[in-house]
1. Looking at (1) surrounded by fewer than 18 Cβ atoms within 10 Å (Cβ to Cβ); (2) farther than 17 Å from residue 386 by Cβ, can you tell me which one residue 185 breaks?
2. Take residue 396 and tell me if it is under 30 Å from residue 48 (Cα atoms) and surrounded by fewer than 14 Cβ atoms within 10 Å (Cβ to Cβ).
3. Return only the number of the condition from (1) surrounded by fewer than 22 Cβ atoms within 10 Å (Cβ to Cβ); (2) touching a residue at least 60 places away in the same chain (Cβ under 8 Å); (3) not assigned by TED's automatic domain parsing to the domain that holds residue 132 that residue 228 does not satisfy.
4. In contact with a strand residue (DSSP E or B) (Cβ under 7 Å, 6 or more places away or on another chain) and modelled with pLDDT under 95: which single residue out of 85, 74 fits that description?
5. Which residues, taken from the stretch 334-366, are surrounded by fewer than 21 Cβ atoms within 10 Å (Cβ to Cβ) and not in a helix (DSSP H, G or I)?
6. Among the residues of the stretch 318-327, are any surrounded by 18 or more Cβ atoms within 10 Å (Cβ to Cβ) and without any contact (Cβ under 8 Å) to a residue 24 or more places away in the chain?
7. If you check residue 272 against the conditions, is it touching a residue at least 60 places away in the same chain (Cβ under 8 Å), in contact with a helix residue (DSSP H, G or I) (Cβ under 7 Å, 6 or more places away or on another chain) and within 19 Å of residue 378 (Cα to Cα)?
8. Which of (1) touching a helix residue (DSSP H, G or I) at 6+ places or on another chain (Cβ under 8 Å); (2) more than 23 Å from residue 223 (Cβ to Cβ) does residue 292 not meet, given it meets every other one?
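The values are calculated or read from the model by the stated rules, or taken from the named source; none is laboratory data. Model, not experiment: these values are computed from the prediction. Here Cβ is always computed from backbone atoms with ideal geometry, including for glycine, and neighbour counts include all displayed protein chains.
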């Protein structure tokens, strides 16, 4: 983590943003800790903290009992009564609009489903209505900006949703410009996988980890990559398209035009379609007792040693591991975090996947990659939408 400040007047605002980051992400809770972490003098830290309190960015909390001689320090915390960011998560089947606190906690959420009746205008109108509802209920003056995490591809620099596949024909939406005009708040846009990785890096299990990959499995499969401490998006912002690694050059045609992409086999809807077909032909299975079979049902049945569920899940994990290992051989992360819909598989799913991936890795005997469920589980892209804007504050002038 690059937590070093400088005692130079013209970088004062940068130091202020750094101290805000350390308090908001829970890395420091006292003035002494801030001084030790940043290398700034106690006087400089004291002046910055005073300014942040005065402007309602942070607040003083309880007094910390000190085990050594001297005055007990006052704990610092985010001023959550006066600061919020708005998060908007746009997936293929739903939109979640949330009030996110400086601790990356959800204060309030409004969710609505998407279907073929939606076009760009209806989508943006519904998002704006949800934003306005939260602004009215929690107080417009608390909100400092809006972060939007969306299925890719997106152009984060221009704030535009490009042309996601299977997205009801919605494309080329100037989401940032449109929302800024309607709300008078600054708006940032990022791919949902990158947003989830950012949340993991700043607030989750990825804190202090310089090289990790977040993998989201839902209607599509994607990855957010933190490399040498920074989020990596590629030259044009399209990095992390893990779902379009081909595992069969003669396989079915993918929505991207390629053949045999892992997404064809392992996206949640495609996998569940396969499971439902197999269950209909099976003689006996726990899965046949479900009127509608969900991904969670397959996981639970496999854990209970159901023959059909175990068979389809083993095949599913094997295919996923094949594609993931190929991607990880390129970037060599310390750890993989699983999120989005697949997070519901829990430690059982992560453990099975870890074993399969490491059996396929180059130099697998010399090093292993851990696989864990995201600290935020299924909510990673929702939390990530708000963290997009919080991260901007941590790297810019207030």
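1. Here residue 185 clears every test but (2).
2. Working: under 30 Å from residue 48 (Cα atoms): yes; surrounded by fewer than 14 Cβ atoms within 10 Å (Cβ to Cβ): yes.
Spelling it out, residue 396 is indeed under 30 Å from residue 48 (Cα atoms) and surrounded by fewer than 14 Cβ atoms within 10 Å (Cβ to Cβ).
3. The failed condition is (2).
4. Values: 85 fails: modelled with pLDDT under 95.
Going through 85, 74 in turn, the sole match is 74.
5. Listed by number, the residues that qualify are 334, 335, 361, 362, 363, 364, 365, 366.
6. no
7. No.
8. (1)
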